[in-house]
1. Under 8 Å by Cβ, and 6 or more places apart or on different chains, what pairs join a residue from segment 11-33 that is under 14 Å from M1 (Cβ atoms) with one that is assigned to a helix (DSSP H, G or I)?
2. Scan D70, D88, D60 and give me the residue that is at negative phi and under 14 Å from the mean Cα position of the chain (by Cα).
3. Inside segment 62-91, can you point out the residues that are more than 20 Å from D37 (Cβ to Cβ) and crowded, with 17+ Cβ neighbours inside 10 Å?
4. Considering each residue of segment 46-58, count those that are in a helix (DSSP H, G or I) and surrounded by 10 or more Cβ atoms within 10 Å (Cβ to Cβ), and give that number.
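None of the figures in this text is laboratory data; all of them are computed from the coordinates on show. Not measured: the values here are computed from a predicted model. Note that each Cβ is placed from the backbone with ideal geometry, even for glycine, and that neighbours are counted across all protein chains shown.
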Amino acid sequence: MIPLSADTPLDVERIWLDGIRARGPHFQLQRCLELSDLCRQAARVAVRRAHPEASEAERDEILLRELYGDPEAAREVVARRRALGFYDRQP
């Protein structure tokens, strides 16, 4: 087994992985979705910090372009969101 982390002993990592596996696929999927959401939130914060002058739509386009690697698709998604009034909503 190749360690997943350089700073965690292999026997500890095995115990941790066994615990996750023992909780079943529902828990694993739930944790995966939670971590994905956390990463997306962190990316949104990073884009906001890097581009404080950008509007919400512009930040979304930057994020989508980075996430999916397709500038045209990112522009299209933002254009559709604009057409649906997504950016007109108040928090």
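1. From segment 11-33, the pairs are R21/Q28.
2. When all the criteria are applied, what remains is D60.
3. The answer is V78, and nothing else.
4. 7
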